[in-house]
Amino acid sequence: MTGFPAENAAPEGVRLQKVLAAAGVASRRVVEQYIVEGRIRVNGETVTELGRRIDPETDLVDVDGTAVQLDVSKRYVMLNKPTGVVSSMRDESGRPDLRRFTKDYEERLYNVGRLDAETSGLLVLTNDGELAHVLAHPSFGVTKVYIAKVDGAVTAQTITKLTKGIELEDGPIAADKARLLDTSRGSSLVELTLHSGRNRIVRRMMAAVGHPVTELVRRQFGPLHLGTLPAGRSRELSKIELGALLTLARRDSGVAEAPGEQETP
């Protein structure tokens, strides 16, 4: 007889506790306790029933407000890019590129945003195209922290000018935060926090206030901190770091789809 569902048809989806255990969140028993305690959400709604099934390919899950990556094939790597390396997987001019740092990974990784060749510091490499697009898009405005060594003795008035705003050839710009770290032997160390994605923005800002950059390093990208990772070395993100990064990306994933500029500070 047709037109009626089979009585013993297999339920759709996979049990939530099985998916989260496979993603490395916790054991199935512990995940079940999380569900009972109301600590897990699926697509923004709190789940309290132990029999809940989900589609790992489409559903978004968070635990205690922190996003969880259910696709275990995705890889996320932090690189401390050294100077002299261009932020490209294949440089047409033959300059040193990022391939040397990705060749040992099975997945085909790409960089999130850019740092110019003479800027060192934190760069994220991933095969998660959706996350890369959101975090690199200028309208998302992910915060970055830079340490710049500049010529001359930077004054408190200059720091104020950087945060109040200066005029550049492509419009006004202001640092979210700025502070003087040190001044000695004719140079200064300045920490700048920016969410702008404009091209070579740190170098242009410091040149505009009369202190050209001689060395530049990005220490922070969103919730990620470079820490003690040596130049030229990479490591995979910890679960805590990945959760923070995914949470940030999902918070505003409705960013416009139009292609935008890539930051090269």
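Here residue 248 meets each of (1) of a type outside the set (S, T, N, Q); (2) modelled with pLDDT under 95; (3) touching a Leu at 6+ places or on another chain (Cβ under 8 Å); (4) assigned to a loop (DSSP other than H, G, I, E, B) with one exception, condition (4). Taken together, the residues in region 63-87 that are open to solvent by less than 40 Å² (accessible area, probe 1.4 Å), out of contact with any Phe, Trp or Tyr (no Cβ under 9 Å at 6 or more places or on another chain) and either over 19 Å from residue 217 (Cβ atoms) or aromatic (Phe, Trp, Tyr) (or both) amount to 4.
Whether any residue in region 191-208 is touching a residue at least 24 places away in the same chain (Cβ under 8 Å), over 30 Å from residue 243 (Cα atoms) and polar (S, T, N, Q) is what I want to check.
No: zero hits.
Run down 182, 176 and say which single residue is exposed (fewer than 14 other Cβ atoms within 10 Å of the Cβ) and either under 15 Å from residue 155 (Cβ atoms) or modelled with pLDDT of 95 or more (or both). Break it down stepwise before answering.
Numbers: 176 fails: exposed (fewer than 14 other Cβ atoms within 10 Å of the Cβ).
It is 182.
Please give the number of the condition residue 123 fails out of (1) farther than 20 Å from residue 210 by Cβ; (2) of a type outside the set (Ser, Thr, Tyr); (3) touching an Asp or Glu at 6+ places or on another chain (Cβ under 8 Å). For residue 123, the exception is condition (3).
The residues of region 101-131 that are at negative phi, of a type outside the set (S, T, N, Q) and surrounded by 20 or more Cβ atoms within 10 Å (Cβ to Cβ), listed by number, are 101, 109, 112, 114, 115, 122, 123, 124, 125, 128, 131.
If you check residue 59 against the conditions, is it open to solvent by less than 40 Å² (accessible area, probe 1.4 Å) and either modelled with pLDDT of 95 or more or not in a strand (DSSP E or B) (or both)? Steps first, please.
Numbers: open to solvent by less than 40 Å² (accessible area, probe 1.4 Å): yes; either modelled with pLDDT of 95 or more or not in a strand (DSSP E or B) (or both): yes.
So residue 59 fits the description; yes.
Note on region 97-117: residues that are under 15 Å from residue 233 (Cα atoms), assigned to a loop (DSSP other than H, G, I, E, B) and more than 18 Å from the chain's Cα centre (by Cα) total 4. Filtered by the rule that a residue be in a loop (DSSP other than H, G, I, E, B) and either basic (Lys, Arg) or over 14 Å from residue 65 (Cβ atoms) (or both), region 10-42 gives 10, 11, 12, 13, 23, 24, 26, 27, 39. State yes or no: is residue 219 open to solvent by 40 Å² or more (accessible area, probe 1.4 Å) and modelled with pLDDT of 95 or more? Spelling it out, residue 219 is indeed open to solvent by 40 Å² or more (accessible area, probe 1.4 Å) and modelled with pLDDT of 95 or more. Condition first: without any contact (Cβ under 8 Å) to a residue 12 or more places away in the chain and either in contact with a strand residue (DSSP E or B) (Cβ under 7 Å, 6 or more places away or on another chain) or over 30 Å from residue 121 (Cβ atoms) (or both). Can you find one or more residues in region 82-95 that meet it? No, every residue in region 82-95 fails to be without any contact (Cβ under 8 Å) to a residue 12 or more places away in the chain and either in contact with a strand residue (DSSP E or B) (Cβ under 7 Å, 6 or more places away or on another chain) or over 30 Å from residue 121 (Cβ atoms) (or both). Among the residues of region 168-190, those that are assigned to a strand (DSSP E or B) and without any contact (Cβ under 8 Å) to a residue 12 or more places away in the chain comprise 171, 172, 182, 184.
The values are calculated or read from the model by the stated rules, or taken from the named source; none is laboratory data. Predicted, not measured: the structure shown is a model, and the values here were computed from it. Quick reminder, even Gly has a Cβ in these numbers, built from the backbone with ideal geometry, and neighbours come from all protein chains shown. For the accessible areas, the whole protein counts, side chains as well, though only heavy atoms, and no ligand, DNA or RNA atoms are used. Shrake-Rupley method; radii C 1.70, N 1.55, O 1.52, S 1.80 Å.
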